[in-house]
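Notes to accompany the following structure.
Coordinate-derived values only; no laboratory data. These figures come from a predicted structure and were not determined experimentally. Note that we place each Cβ from the backbone using ideal geometry, even for glycine, and neighbour counts take in every protein chain shown.
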Amino acid sequence: MKKYAAEFLGTFWLVLGGCGSAVLAAAFPELGIGLLGVSLAFGLTVVTMAYAIGHISGCHLNPAVSLGLFAAGRFPAKELPPYVVAQVLGAIAAAAVELGAAAGATAHPAIHGYS
């Protein structure tokens, strides 16, 4: 159970940090993070999770990685479904947080030039 929670947390972090930075870069270009900032955000989220959960779950963070490891014979079939479920749920949870943050940001008066 600990490794599934680690995959949930890791995928949550990846989607929140990586995709969240991409959303901010697209929605608010004046922030200035650009493509380099988004790339760094993705890379740094993977590195932080590799150190944080790599020893627990292997730090797949993505159903495609888990499936690829299974196809290569390096991951057991019985572990694949719970890993994928944990990763998908982590991504959905992070997307919900991002949706809430983006909705709150666009509703904020300072975003529209009001003080």
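Annotations for the structure displayed:
- Dimensions of segment 2-50 based on its C-alpha atoms, expressed as ranges along the principal axes with the largest first, amount to 41, 17, 10 Å.
- Only Cα pairs under 8 Å and 6+ residues apart enter the sum, and on that basis the relative contact order of the chain stands at 39 percent.
- Full extension of the chain between Leu80 and Thr48 yields a length gain of 9.2 nm, computed as 0.36 nm times the residue separation minus the alpha carbon distance.
- Put the Cα centre of segment 69-91 next to the Cα centre of segment 2-39 and the gap is 22 Å.
- Under the membrane-span-like helix rule (DSSP H runs whose alpha carbons stretch at least 27 Å along the helix axis, mean Kyte-Doolittle hydropathy -0.5 or higher), the chain yields 34-57, 80-107.
- Volume of the Cα convex hull of the chain, divided per residue and given in Å³: 104 Å³
- Relative to the current alpha-carbon distance between Leu67 and Leu99, full extension at 0.36 nm per residue lengthens the span by 8.7 nm.
- Surrounding net charge for Ser57, when Lys and Arg each add one and Asp and Glu each subtract one, Cβ distance under 12 Å: 0
- Net charge dipole size for the chain [Lys, Arg +1 and Asp, Glu -1 on Cβ; Debye, nearest 20]: 380 debye
- Amide H contacts for Cys59 (H built 1.01 Å from N in the peptide plane; partners 5 or more residues away or on another chain; cut-off under 5 Å): none found.
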